[in-house]
Amino acid sequence: MSEWEAEKAERNRRSIARLTKSLPGIFPSAVLSRALGRPFVPPTPRLAIDSYWGAHPLRADRLARALAARSGAPTGWVWRLGDRKIGLPTTFRTPPTPYRERTYAKGPGFCRVCGQPVYRFGWYADLWNTGPNKNATWHCACVVAWRFWTAPSDYARLLRRLQTRRCGETGGRLWKTAEVDHWVPLFRVWSEYRDAPWPELLGYWGLPNLQVINRDAHAVKCANEARDRSAARYPPSDLA
C-alpha cells in the first residue's frame, strides 16, 4: 500500500467512526449505503445527505416539484418581477418561487423553494419525530434542484446520457459542442404561460422542458424563436 492509499484509508476510518457515532437510530438507508461506498466517506450525516442529493439531481428535481405541489401557491400570489431585496426574481429566467418572497416566506423551519417543513439534516420528512428544524430554510434536495433549474448546462453530461447521446432536435448524434436547451423557451413561458398554476410553472425549468441539442440546431432554433418573438412584439398590423 502506497503512502497516499494509507492516508486515504486512515481518513476513511476516522470518517466512518465519526459518522457512525453521530448517526441517529433512524437514517435513510440509501443515503448511508452511498456514503459508505464513496472514495472519501462523508464524516457527518448532513454531509452524507448533501452528497446523496448532489449525486441524484433528477431525483431532487422531481422531489422539489412534488413538495411544491403539496404546498401550492399562497393566496394572492402572482408571478412577477421586481426587487431582489424582497425576494422577487429580476428576470423571467429565474424560476418563480413564492416562498422566497418576503411577503409569503414562512420563516425558519420551512423551505424557501417548496414551502414545506425542513426537518433534521435538511431532510424532507420527519423520520425522527422532532418537528421542523428552526435553523434551516432549505431542503438539501431543493438546494440541488435549484442549481439544476438555474444552471442546467452544468448537468449536460447527465442529460446527454438520458437522451442516449442523440440530439433532441434532429435525432442525430450529439457532438461534443452540444448545448442544453429549454424545449419551450423561457421568454414564451413568461409571455404565454405566466398565469399557469404554481408549481406547474416549475416544470418549465425542470427535466420535462430540458433537452441537449447540437450547436448548429440550437442556433437555428434560437433564430426561429427570435423571429417569432419579434413578430409577437411588432405584428404586421403595427408596421403597416
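The values are calculated or read from the model by the stated rules, or taken from the named source; none is laboratory data. Because the structure is a prediction, the values reported are computed rather than measured. Cβ sites come from the backbone with ideal geometry, for glycine too, and all protein chains shown count toward neighbours. The protein model used for the area step is the full one, side chains on, heavy atoms only, and it has no ligands, DNA or RNA in it. Shrake-Rupley method; radii C 1.70, N 1.55, O 1.52, S 1.80 Å.
For region 178-217: of the residues being polar (S, T, N, Q) and at pLDDT 95 or above, which is farthest from C114 (Cα to Cα)?
Restricting to residues being polar (S, T, N, Q) and at pLDDT 95 or above, the top hit is N214.
Where the second residue is in a helix (DSSP H, G or I) and of a type in the set (F, W, Y) and the first is within 15 Å of D50 (Cα to Cα) and open to solvent by less than 90 Å² (accessible area, probe 1.4 Å) and lies in region 16-39, which pairs have Cβ atoms under 6 Å and are six or more apart or on separate chains?
From region 16-39, the pairs are V31/Y52; R34/Y52.
Return yes when K85 is open to solvent by 50 Å² or more (accessible area, probe 1.4 Å), under 30 Å from R194 (Cβ atoms) and modelled with pLDDT under 95 and no when it is not.
Criteria met by K85.
Of the residues that make up region 105-115, is at least one touching a Leu at 6+ places or on another chain (Cβ under 6 Å) and either surrounded by fewer than 16 Cβ atoms within 10 Å (Cβ to Cβ) or under 30 Å from D228 (Cα atoms) (or both)?
no
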